[in-house]
Every structure is written in structure tokens, then in C-alpha cells.
Amino acid sequence: TAATVAAAPEDPLFGLMKAYREDPSDKKVDLGIGAYRDNNARPWILPVVKKADDAIHNDPTLNHEYLSIGGLAEFTSAAQKLIVGADSPAIREKRICTLQTISGTGAVHLGGLFLSKFHPQKPAIYLSNPTWANHNQIFSNVGLTLAKYPYFSAKTKGLDFNGMIAALEAAPQGSVILLHACAHNPTGVDPTEDQWKQIAEVMRSRSHFPFFDTAYQGFASGDLVRDSWAIRYFVEQGFELCVAQSFAKNFGLYGERTGAFHFVSAPGPDAAPACSNIASQLAILQRSEISNPPAYGARIASRVLNDPVLFKEWEADLRTMSGRILEMRQGLRDRLEKRGTPGSWDHITSQIGMFSFTGLSEEQVLTLRSKWHVYMTKNGRISMAGLNTNNIDYFAEAVDSVVRE
Ligand code: PMP
């Protein structure tokens, strides 16, 4: 009966957002939210998205019919090209299949569900420690066993590369390894290209299966090709792999739930038929979960991705967002160094993407909240997009004060 269901704990991030909203202070700073904000701390509608949106509203041929189970075909084909490159042999050889999903979350879920149902060994999925908190929930909900590999070094505030490699070597042959393609959430720490090559080498020797999660392509460095380098490298190396792709951040389409799940099979004579079988099974899973994906965000993204002029404008918008974030990284580091705030702060600029793992302790985070009205997650993660020229001095002063306490 209903009375047997206990209340669930509040989602920590949504709890933080609520506390921020309810704080009456005019000094308050929101560094929790994982969404881009402009220099006035307001959501930003990308100008190119506004254009595509206007065109959609003026298009008399559009209606509100269902999309197909796999989603909008112009969108999924463009999403493929964006992630592996238009000239990728995976596309030419028809060994990549794609379904439109409920943003990145839905793509991670569909991939997890597929592996859980169809992988003959049902291997454990290895997640970086730490990782996006939802990974744990999504994969355990579909019945996969979770395992961890070391990722972040508290000492260097960078990658624990040796720890990661050792764990990949020790993981049972054929494990699934979840990899953040760029702008790792929550740490902002990415492997270098050379480190990715070594990761690929170990994964090949252990026959591990790469499961890429990409939520920040173009948003991290401002360069779409650079931010998909790791995925393209693994595809080039002939891996069988899958990719969960989100368009929430790079199009600012958070609430429209626009994403894609891709499966790439390894090159060979069976690759294309295998991929087509997989697509048919994914469609059955999709049918029972959501029937078919939402149209609106995919229409916007598809218009931009398939129009060379709009695509260029999109790249400029991506540089606007990533450029502002890079400026805030530099600005924060400069201010802390100028104040002589104890500790080293170079990690603020070496980390990339939406988030920075500051290294602040939980106690310091709580003091920042109670005394300074600064809101961030307890692990010391800050959303760089929450900083702007109006609050960066105040935030640096606040950090300086709690670090010296
Ligand atoms: N993966 C990672 C690593 C993320 O950071 C996010 C966004 N927070 C997502 C997936 C998916 O987000 P969405 O469902 O909004 O696309």
C-alpha cells in the first residue's frame, strides 16, 4: 500500500537551488547550477537558436504529429556527423546507428538498458571517481553492477592518471568503461591527447568497451572538433563503442531534452548488419520507454546543424560561451593569486568546461554558504558560468576569507 513508501531524500543539487532561491541577500551567488549564464547571471538564448526558433514558428509545413521511434532523421544524421566527423568511415561503412533520445540523460539510460539486456556477460560498468552523480542512479536502475576507477587526484587537483590506468588494467577483461569525452563533470579535468592514446591502448589490450558520455562538445574549448577528439580517436582505432550525446549545453536547449545515442560497431564485414540489428533492438527498448522522442529541440538543432550559414553562427555562439568561461577562470585565478590566498590556484585555469573542482573542503563550502551567501555543491565544485564581472571580486574575497579561517 501507499503507506509502505518512505520519503526519498531530496536531490542534493535541486535542494541547493531551492536554498539559493530562498536566500533574501542581494549579495548571493549561485555557483551550483550546471547551466550557462551570461554576464548578468541570466540564462542566454543563443542568437542562432532564436533564429531557428523563429523559422520554425513561421514554417507552415510543420505540425505536432509524432516523430518516428528513432527520432527526426535529419537530426540524427547531423548528430552522427558532429560527433564522429562527416568523413568518418563509421558513417561511410554504415556501422554507426543513432536514436534521438531525451537529452543526454535519456541517451545514457538507453545505452545502459541496452547493455543490461543484450550484453552476454553483463559486465560491470566502471565509472570515474568522482563522476556525474546521475550516472550511479541511471546504471544501477537498469541493473548493471557499478565499479569505480580513480580519476581525480586531490593532491594535484588534476588527473590521477597512474591510478586510472592501473584500474583499467586490473578490471576484468571486457568491462564497460564510462568515459567523459571532454569537460569532465564534476572535476573539469580531462586527459591529454597522449594520455587518451594510452587509455585506448590499455582498453584494447583488455578488450574493454568504451561508453562515452559527451555533454559539452564545443562548449568546453569553443572548438567542436577538439572537444570530440577522444571519441574520434577511439573510432579511428577500430573500437566498438557507444556514445551518449547531449545538446543541452552547446545549444542552450536544457529543457527541450535534445540528445542522441550512437552505437558504433567495429570495422569488418559483419559491422553494418550488426549495427542494423542493434538499431532494431534499441528501437524496441525506446518504444517501451518513451514511444518516440520530443520534436521541438531536435527541429531547432537540426536546422542549425544542416545549414552551413547557421552552423557558422552556432560556432561563434559557442565561442561566446566558452570564451566568457575561460575569462572567468583566468579572472578568478588572477584574483586569488594577487591576494596571496594560501594554496595554489593554477588548477582553476587548467581545468576546462562548465565546472571547476576548487579543492575547498565541505566545511569551507558551508561557511561560504552561511556567511557569504555563496552556493556551491559540498564537494567544492563551482559552476564557472555562475561567475561574472559583477560578482567575481566578491567571490574571490569570500574564498580568500574562508581559506584563511
Ligand atoms: N552527462 C554529463 C556528464 C552531464 O554533465 C550532463 C549534464 N549535467 C548530462 C550527461 C546530461 O544532461 P541532459 O540530460 O540535460 O542532457
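Things worth noting here:
- Any chance residue 191 is away from the ligand (no atom under 11 Å from the Cβ) and either part of a strand (DSSP E or B) or at negative phi (or both): yes
This table checks each residue for (1) buried (at least 22 other Cβ atoms within 10 Å of the Cβ); (2) in contact with an Asp or Glu (Cβ under 7 Å, 6 or more places away or on another chain).
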{"site": "205", "(1), (2)": "no, no"}
{"site": "218", "(1), (2)": "yes, yes"}
{"site": "230", "(1), (2)": "yes, no"}
{"site": "243", "(1), (2)": "yes, no"}
{"site": "265", "(1), (2)": "yes, yes"}
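- Against the test of being aliphatic (A, V, I, L, M) and more than 20 Å from residue 386 (Cβ to Cβ), the options 348, 300, 325 yield a single qualifying residue, 300.
- All conditions in (1) within 19 Å of residue 20 (Cα to Cα); (2) out of contact with any strand residue (DSSP E or B) (no Cβ under 7 Å at 6 or more places or on another chain); (3) of a type in the set (S, T, N, Q); (4) at pLDDT 95 or above hold for residue 383, with the sole exception of (2).
- Residue, farthest from the ligand (Cβ to nearest atom), within segment 363-391, restricted to residues that are hydrophobic (A, V, I, L, M, F, W, C) and outside any loop (DSSP other than H, G, I, E, B): 372
- Residue 264 in contact with a Leu (Cβ under 7 Å, 6 or more places away or on another chain), aliphatic (A, V, I, L, M) and within 20 Å of residue 211 (Cα to Cα): yes
- Residue 98 surrounded by 20 or more Cβ atoms within 10 Å (Cβ to Cβ), within 30 Å of residue 268 (Cα to Cα) and within 16 Å of the ligand (Cβ to nearest atom): yes
- Flag if residue 314 is within 16 Å of residue 387 (Cβ to Cβ), buried (at least 17 other Cβ atoms within 10 Å of the Cβ) and among the aromatic types (Phe, Trp, Tyr): no
- Of the residues making up segment 271-289, those that are within 16 Å of the ligand (Cβ to nearest atom) and either under 24 Å from residue 238 (Cβ atoms) or not charged (D, E, K, R) (or both) number 1.
- The set of residues from segment 319-362 being among the hydrophobic types (A, V, I, L, M, F, W, C) and away from the ligand (no atom under 16 Å from the Cβ) comprises 326, 328, 332, 336, 345, 348, 360.
- Residue within segment 382-394 that is touching a residue at least 40 places away in the same chain (Cβ under 8 Å), of a type in the set (S, T, N, Q), in contact with a helix residue (DSSP H, G or I) (Cβ under 9 Å, 6 or more places away or on another chain) and surrounded by fewer than 16 Cβ atoms within 10 Å (Cβ to Cβ) present: yes
- Every condition in (1) assigned to a helix (DSSP H, G or I); (2) loosely packed, with under 15 Cβ neighbours inside 10 Å holds for residue 16 except the one numbered (2).
For every residue, the table says whether it meets (1) within 23 Å of residue 104 (Cβ to Cβ); (2) not hydrophobic (A, V, I, L, M, F, W, C).
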site: 119; (1), (2): yes, yes
site: 150; (1), (2): no, yes
site: 155; (1), (2): no, yes
site: 159; (1), (2): yes, no
site: 169; (1), (2): no, yes
site: 201; (1), (2): no, yes
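- The residue that is nearest to residue 303 (Cα to Cα), among those in segment 65-89 that are of a type outside the set (A, V, I, L, M) and not in a helix (DSSP H, G or I), is 71.
- Within segment 239-260, the set of residues being over 13 Å from the mean Cα position of the chain (by Cα) and under 29 Å from residue 202 (Cα atoms) comprises 239, 240, 241, 242.
- With respect to (1) in contact with a helix residue (DSSP H, G or I) (Cβ under 6 Å, 6 or more places away or on another chain); (2) assigned to a loop (DSSP other than H, G, I, E, B); (3) among the hydrophobic types (A, V, I, L, M, F, W, C), the lone exception for residue 97 is condition (2).
- Here 35, 52 are screened, and the one residue that is surrounded by 14 or more Cβ atoms within 10 Å (Cβ to Cβ) and either within 16 Å of the ligand (Cβ to nearest atom) or under 21 Å from the mean Cα position of the chain (by Cα) (or both) is 35.
- Residue tally, condition closer than 23 Å to residue 349 by Cβ, touching a Leu at 6+ places or on another chain (Cβ under 9 Å) and not hydrophobic (A, V, I, L, M, F, W, C), over segment 146-174: 2
- The number of residues in segment 230-270 being more than 14 Å from the ligand (Cβ to nearest atom) and either of a type in the set (S, T, N, Q) or within 21 Å of residue 53 (Cβ to Cβ) (or both) comes to 2.
- Tally, over segment 327-361, of residues that are of a type in the set (Asp, Glu) and either crowded, with 21+ Cβ neighbours inside 10 Å or under 18 Å from residue 39 (Cβ atoms) (or both): 2
- Considered as a group, the residues in segment 159-199 that are of a type in the set (Gly, Ala, Ser), in contact with a Pro (Cβ under 8 Å, 6 or more places away or on another chain) and in contact (Cβ under 8 Å) with a residue 24 or more places away in the chain include one that is surrounded by the fewest Cβ atoms within 10 Å (Cβ to Cβ), and that residue is 174.
The values are calculated or read from the model by the stated rules, or taken from the named source; none is laboratory data. These numbers come from a predicted model, not from an experiment. Glycine gets a Cβ as well: all are built from the backbone with ideal geometry, and neighbour counts include every protein chain shown.
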